[in-house]
Amino acid sequence: MWRRSSGPGCSPPTCCRRPISNALYPSAPDGERMIAGGAARAGCPRPVGLSMTEVVERSFRAWLRAEVCSALGRKGSPAPLILWCDPDRVWRDLLTAAADGGAFELWTDEAHELALRERLVAAPDTPRVVWIPLEGVQTMSGHNPLAATELSGVLIQLRAPAAGLMLSNMLNASGGKLTFAYPIGSIVAELFNKIGWVDRVLTLVAWLVAVVAAGMVLVGIYNSMSARARDIAILRALGARRTTVFGAVMGEAAVIGLLGAAAGLAVFAALAAGVAAVIQAQTGVVLEPFKWNPVFWWGPAVFVGLAALGGVVPAIKAYRVPVAETIAPVS
């Protein structure tokens, strides 16, 4: 840790940085040691009425405020955001003191990570510091308390590709518990290739369901043609054209398909909302089932088209109904 001073005759806290040694700052984290003895050796006079510890505290607070404000003052879009990860919960009071007087916007609420995400999305795009106790991620509801101190994965930024090859050979070849995923592109592609067959099977099942539904429409309307043959003959006798009858049957099949698509979307919305809520509560993973996807329009359109196609055969039967023979009395 460093203290600012400008040599003999300065009024703290200002200018250059000098190491401070010899008296532990009482509230600082482990390793962030602030020493009052070095301040006297640096030649900075102590203000009247303040102890050396108070001088160090004010100096550290001013340094922390200046560093944070410098980072938040950078121009860009979106606005700068500092996520201050503090697993040991030792920086919260320090940040609060540095932000005193509105020096910068600070969030220190110990809210659930998902609630914090929603708040960030809804908040204005302004520079801010968000204090996060990392241990909250591992102790959230649904996690094994025995694994609260374990890490399932670590993201590493490599300075050179050669380092990735070295780590891959060292960790993966050792046969231990650690696995190094490198190169990440090929690893992700291999993963999706392994589980891609599940997506293809589900797609095939969806198409089969749509075709079977179209067949059910065909059978249902076709069987009803025998009962409605006399009604169709009367319509023809009253002046209805063959094309009108044909179009009416096709339209009936399309309307059945449209109602089926609407019912399917309603069931999807109910199930997706319920499943997404359960997954979010149990695992913390946020699903967005209602995010726009082109399948929301072409899926129902294809289903309505298949239903209309299933009505072609009944429409042809209605088209060929003989008027004189069908309308004649049975006895």
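Here are the numbers:
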quantity: Hits in the range 288-301 (condition: touching a helix residue (DSSP H, G or I) at 6+ places or on another chain (Cβ under 7 Å) and surrounded by 14 or more Cβ atoms within 10 Å (Cβ to Cβ)); calculated: P300
quantity: Filter pass, V188 being among the β-branched types (V, I, T) and closer than 30 Å to G310 by Cβ; calculated: no
quantity: Only one of V304, V313, V321, V275 that is closer than 19 Å to Y222 by Cβ, of a type in the set (A, V, I, L, M, F, W, C) and modelled with pLDDT of 90 or more; calculated: V304
quantity: Condition met for I279 (assigned to a helix (DSSP H, G or I) and in contact (Cβ under 8 Å) with a residue 60 or more places away in the chain); calculated: no
quantity: Those residues of the range 224-242 which are small (G, A, S) and closer than 12 Å to T326 by Cα, in sequence order; calculated: S226, A227, A229, A233, A237
quantity: I187 in contact (Cβ under 8 Å) with a residue 60 or more places away in the chain and either surrounded by 11 or more Cβ atoms within 10 Å (Cβ to Cβ) or in contact with a His (Cβ under 6 Å, 6 or more places away or on another chain) (or both); calculated: no
quantity: Positions within the range 161-188 being of a type in the set (A, V, I, L, M), more than 30 Å from the chain's Cα centre (by Cα) and part of a loop (DSSP other than H, G, I, E, B), in sequence order; calculated: A173
quantity: In the range 282-328, the residues that are within 16 Å of A213 (Cβ to Cβ) and part of a loop (DSSP other than H, G, I, E, B); calculated: G311
quantity: A272 being without any contact (Cβ under 8 Å) to a residue 60 or more places away in the chain and loosely packed, with under 12 Cβ neighbours inside 10 Å; calculated: no
quantity: Condition check for A248: of a type outside the set (F, W, Y), modelled with pLDDT of 85 or more and farther than 16 Å from A324 by Cα; calculated: yes
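The values are calculated or read from the model by the stated rules, or taken from the named source; none is laboratory data. Owing to the predicted nature of the structure, the values given are computational and were not obtained by experimental measurement. Note that we place each Cβ from the backbone using ideal geometry, even for glycine, and neighbour counts take in every protein chain shown.
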